[in-house]
2 protein chains.
Amino acid sequence: MGKRKYTIGLDFGTESGRAVLVDVSNGKELATAIYRYSHGVIDEALPVQGKPVRLQPDWGLQDPEDYIRTLKRTVPAVLQQTGVEPADVVGVGIDFTACTMLPTLSEGTPLCTLPEHRRNPHAWVKLWKHHAAQPEADKINATARRLGEPWLDRYGGKISSEWFFSKTLQILEEAPEIYAAAERLIEAADWIVWQLTGVETRNSCTAGYKAMWSKREGFPRQSYFAALDPRLERVIDEKMSRRIAPIGARAGMLTEQAAKWTGLRPGTAVAIANVDAHVSVPAATVTEPGRMVAIMGTSICHMVLGQQERLVPGICGYVEDGIIPGYFGFEAGQSGVGDIFAWLVDNAVPPEYHAAARKRRVDLHKLLELEAAKLKPGESGLLALDWWNGNRSVLVDVDLAGLLIGATLATKAPEIYRALIEATAFGTRVIVEAFEQNGVPVNEIVTCGGLPEKNELLMQIYADVTGRELKVTASVQTPALGSAMFAAVAAGQAAGGYDTIFEAAHQMARLKRSSFRPNPALQPVYDRLFAEYLTLHDYFGRGANDVMKRLKHIKAEVRHPQPHAAG
Amino acid sequence: MGKRKYTIGLDFGTESGRAVLVDVSNGKELATAIYRYSHGVIDEALPVQGKPVRLQPDWGLQDPEDYIRTLKRTVPAVLQQTGVEPADVVGVGIDFTACTMLPTLSEGTPLCTLPEHRRNPHAWVKLWKHHAAQPEADKINATARRLGEPWLDRYGGKISSEWFFSKTLQILEEAPEIYAAAERLIEAADWIVWQLTGVETRNSCTAGYKAMWSKREGFPRQSYFAALDPRLERVIDEKMSRRIAPIGARAGMLTEQAAKWTGLRPGTAVAIANVDAHVSVPAATVTEPGRMVAIMGTSICHMVLGQQERLVPGICGYVEDGIIPGYFGFEAGQSGVGDIFAWLVDNAVPPEYHAAARKRRVDLHKLLELEAAKLKPGESGLLALDWWNGNRSVLVDVDLAGLLIGATLATKAPEIYRALIEATAFGTRVIVEAFEQNGVPVNEIVTCGGLPEKNELLMQIYADVTGRELKVTASVQTPALGSAMFAAVAAGQAAGGYDTIFEAAHQMARLKRSSFRPNPALQPVYDRLFAEYLTLHDYFGRGANDVMKRLKHIKAEVRHPQPHAAG
């Protein structure tokens, strides 16, 4: 029996990065350290000296040096907390938000660290939730439709403003000097692996889900990029790479420099980068078709594996080898879930409930959950469309908005709270049914993220509404655990890890023993409410009445009136 | 120049009654006294000794002795406050809520004052908002449709559960012994005039608006009543009267008894009873077609005069001589207005606004009004259907419910507050347009009630949305002033009053000098929002999607599950 071996999963989030040190033999998380980014999300002004550089609305940037600081602060901390010998850490894996991308020089130096570019916002990291590239996304979609680009269907017919080429095109159009100076354009996920290994690699997950790449067809053809903008024609070969590494591969070995930052040994195996959502799938024990993983927090990301290529209208995308090697990884999403409940709690709950929560020493979410749990399905007479933050799947429309119907003079906050939970559950059911109707079975749902830990009522409602059992991952750091699993695969069995992610998942990933099973007695009333939801969903979401878009249009006009065109 | 003469208007409301002493020469209100009914609205248990008599949900009763106590407390008070000589009070007029009705003996004794009936809820006064007679209203409507009763069209095709025969039929069905003992069934308005004069009269306003009577056709035929219930066949002749007195006539003279109660002189003229809403019309200076009176409070009552009989689909009713002699009085209504804003304030405004209101020493309505006034129309992106309390006109459907559309994660309480105000303004516009499209012109709107005094933003929005000038009555006691005007007409010119309500209105009714004029610059955006409102109004209100009714049906099923029928 050999000595115990360990891996470290590094999870780079929106506000902070964390390291989790994991026992390779059983997946136990022995220590966690968190570094809160010193500049967090940069959405008002650049963190630069001198005259302030203010950002436009919808911008969201980060400082790449925060990622390096994460390495320096968190990895030594978990080693110290556990007393684990660096020699026994056999691998490092990382996952990141995506698409979070930056321009660099050819050897990896971020342009924003160079004095000549430091005051240009386009030189910084564009975070996933940088939402200022919508015009560019519109152009990408219109051009693709016009040219009949075949890859558009893989993304449900629409590329998001959050994705790689929307952001790239925005740099080109608004800051051509930055575009010209950028010798590389790269996902932050791959950039941090580059910093760890000294080797530039590109992972198949972000390439596939965010940059229109596929294993069989590669990137879109040059003539498409040329049609977008002649300067973009050779963007792949000039500033990116056609060598895409599959998830589960090894990117390289820790450099002397990175060893100094982290306290690990030079030569430690480093896994190909991954995305926080996708790396959670094997950490949720899912390495086969038929089981959906739902990462439930402010929004929900749904992932499911399939053996065949399937076009599922309105899903975010599917990528071969994008989640688990050998499978097509399908991804869908709900753009507002926990966010909507938080909206209610912050904006529409009267003082008496705040006071009651204080008195009972629970937070207001918990109080509303307890009160809402006393209601039977259908008892409030309320129904909502969960589009407070638009609809990501299956309508793919950011201009949809929230709707509440059935209010009376007797309507109370816990009833609205429950109606919003039910609406998000109906949203999940729409996605599950879209998958199933298009040949991607979903027999059960494995959940992770913040909501399953916090809200039992929500979990039971989701089980009842979808008619499926909901399981919950045992880890509360699911993405970091997933990265630690991929780190074990990067190390390989010979070094004390595993040769495949399947073995790693079998040994390291666990679910809680308790689960949420659908209550058949409630199915009929939920089916009736879901039928009403679906009618409204299609009426407002599929063109019969575009009132939500027109209201947003009026709102935009009123807020930013256009002067009359001259002449 | 003769000595100044005075009249007293008595206004019997839902929670209290009031007397206003008015100078006949100029309408000045010299004193007001209010009596808060000792039993208020009786909706939980009868105010009787011994074992409690609990009421069913939706019941609403009153104690007729509270009306007598109003006479005794308020009239002497206004005399005392002003020092006016009883001999100079030339008339008394009264207005009442309606339909508020009670069973009595032949000489007027209310059955609920008799020991043998005192513990029977059906012996008491059924207040206008007694809502437990919906099954009876349904039967009245179904029977009328089946027999093709011509009068049904005068009421927009539907009789309300609040009206006279719904309440009468409920007595008959649920307490046949009370129905049998009731020698008279009478509006409380007429009953209080009976108490003042010793003469039983029946006014054309309640007969027309609440009891299916018309000047030309009388009451529905006996065979209709017999079809409802054989015992009801001769209800008019047995328990009511076919002699209906026109508004503006004199009912009689004050009895010795009533003179003792009030401190007025026996023989003082007493006007035929009237309804609080309708009596406000001349008090708002309106005695001619083309000017709508809107009484704006928890709900809105709209009244407009016409020269010809017109069928306006979905209005509450029209009555010849029902408001002003010689005209058809058309009535419509919105069942939730101030109530909806109060719902928001009580149920969906977070603590920070409560705190800000306290800090600024304004009530929360005012704070929200001030914040909402900073928004431009359309700026919130929100739109609502103002059906929190159903829809009275033009859809006439209590099962419709509230809708809010366009919510985002950035939506704030003042935006919702404004959207609700706008929704009620759109509701008014629907009614105004229904009148105009059916030949009843509405050129301007004269308002009274609580809202015009309290909410300037609301008034301006109503002007902008309807495209009509909104004027405001000078009196804050509009119904009582109207009653005092009818009192002056009952007295007649010879006694120091007036011979017609037209002269009385000319001399005694006044409007404020300031008014709310529509802002033409805002018309286009409100027109666009109204078009969206109308689409949703028709979609949810006219059968394309009856989701609101189905949700209420599910709610009722879930709350009161029916046991499976045996065999």
Exactly one of these conditions fails for B:G378: (1) over 20 Å from B:G297 (Cα atoms); (2) away from every other protein chain (no Cβ under 14 Å). Give me its number.
(2)
So which of B:R265, B:R250 is under 17 Å from B:P325 (Cβ atoms), in contact (Cβ under 8 Å) with a residue 12 or more places away in the chain, basic (K, R) and surrounded by fewer than 24 Cβ atoms within 10 Å (Cβ to Cβ)?
B:R250
Can you find even one residue in region B:37-57 that is farther than 23 Å from B:V489 by Cα and either aromatic (F, W, Y) or part of a helix (DSSP H, G or I) (or both)?
yes
Six or more apart or on different chains, Cβ atoms under 6 Å: show the pairs whose first residue is in region B:540-557 and in a loop (DSSP other than H, G, I, E, B) and whose second is modelled with pLDDT under 95.
none
Mind listing whichever residues of region B:10-39 are in contact with a Gly (Cβ under 7 Å, 6 or more places away or on another chain) and open to solvent by 50 Å² or more (accessible area, probe 1.4 Å)?
B:E15
Quick one: which of A:V472, A:V465, A:V547, A:V476 is of a type in the set (A, V, I, L, M, F, W, C), modelled with pLDDT under 95 and within 28 Å of A:N391 (Cα to Cα)?
A:V476
Which residues, counting only those in region B:316-349, are acidic (D, E), closer than 30 Å to B:D399 by Cβ and touching a residue at least 24 places away in the same chain (Cβ under 8 Å)?
B:E331, B:D339
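For every residue, the table says whether it meets (1) within 30 Å of B:A269 (Cα to Cα); (2) buried (at least 19 other Cβ atoms within 10 Å of the Cβ); (3) within 27 Å of the chain's Cα centre (by Cα).
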| position | (1), (2), (3) |
| --- | --- |
| B:E453 | no, no, yes |
| B:I461 | no, yes, yes |
| B:D464 | no, yes, yes |
| B:A491 | yes, yes, yes |
| B:H506 | yes, no, yes |
| B:R517 | no, no, yes |
| B:R528 | no, no, no |
| B:T535 | no, no, no |
| B:D538 | no, no, yes |
Residue check, A:I431 among the β-branched types (V, I, T) and away from every other protein chain (no Cβ under 14 Å)
yes
Enumeration of residues in region A:311-328 that are over 13 Å from A:Y209 (Cα atoms) and in contact with a Phe, Trp or Tyr (Cβ under 7 Å, 6 or more places away or on another chain)
A:V312
The lone condition B:E352 fails out of (1) within 13 Å of chain A (Cβ to nearest Cβ); (2) touching a residue at least 12 places away in the same chain (Cβ under 8 Å) is (2)
Per the filter on region A:409-428, residues of a type in the set (G, A, S) and either open to solvent by 10 Å² or more (accessible area, probe 1.4 Å) or within 13 Å of chain B (Cβ to nearest Cβ) (or both) are A:A410, A:A413, A:A419, A:A423
If we ask which residues in region B:128-146 are part of a helix (DSSP H, G or I), within 19 Å of B:W59 (Cβ to Cβ) and of a type outside the set (A, V, I, L, M, F, W, C), their number turns out to be 5
So A:Q56 clears everything in (1) modelled with pLDDT of 95 or more; (2) under 25 Å from A:G13 (Cα atoms); (3) not basic (K, R) except one condition, right? Which one?
(1)
Quick check: is even one residue across region A:238-247 within 24 Å of the chain's Cα centre (by Cα), buried (at least 23 other Cβ atoms within 10 Å of the Cβ) and touching a residue at least 60 places away in the same chain (Cβ under 8 Å)?
yes
Go through region A:387-403 residue by residue and tally those that are surrounded by fewer than 24 Cβ atoms within 10 Å (Cβ to Cβ) and charged (D, E, K, R).
2
Please go through region B:542-562 and give me each residue that is more than 9 Å from chain A (Cβ to nearest Cβ) and either acidic (D, E) or open to solvent by less than 40 Å² (accessible area, probe 1.4 Å) (or both), ordered by number.
B:D546
Kindly provide the set of residues from region A:40-74 that are touching a residue at least 12 places away in the same chain (Cβ under 8 Å), among the polar types (S, T, N, Q) and surrounded by fewer than 17 Cβ atoms within 10 Å (Cβ to Cβ), ordered by number.
A:Q56
Would you pick out the residues in region B:73-127 that are in contact with a Gly (Cβ under 6 Å, 6 or more places away or on another chain) and in a loop (DSSP other than H, G, I, E, B)?
B:L127
Among the residues of region A:404-415, are any closer than 16 Å to A:V465 by Cα and in contact with a Leu (Cβ under 6 Å, 6 or more places away or on another chain)?
no
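The values are calculated or read from the model by the stated rules, or taken from the named source; none is laboratory data. The shown structure was predicted, so the numbers you read here are calculated from the model rather than taken from an experiment. Glycine also receives a Cβ, built like all others from the backbone with ideal geometry; neighbour counts cover every protein chain displayed. For accessibility, only protein heavy atoms count, side chains too; no ligands or nucleic acids. Shrake-Rupley method; radii C 1.70, N 1.55, O 1.52, S 1.80 Å.
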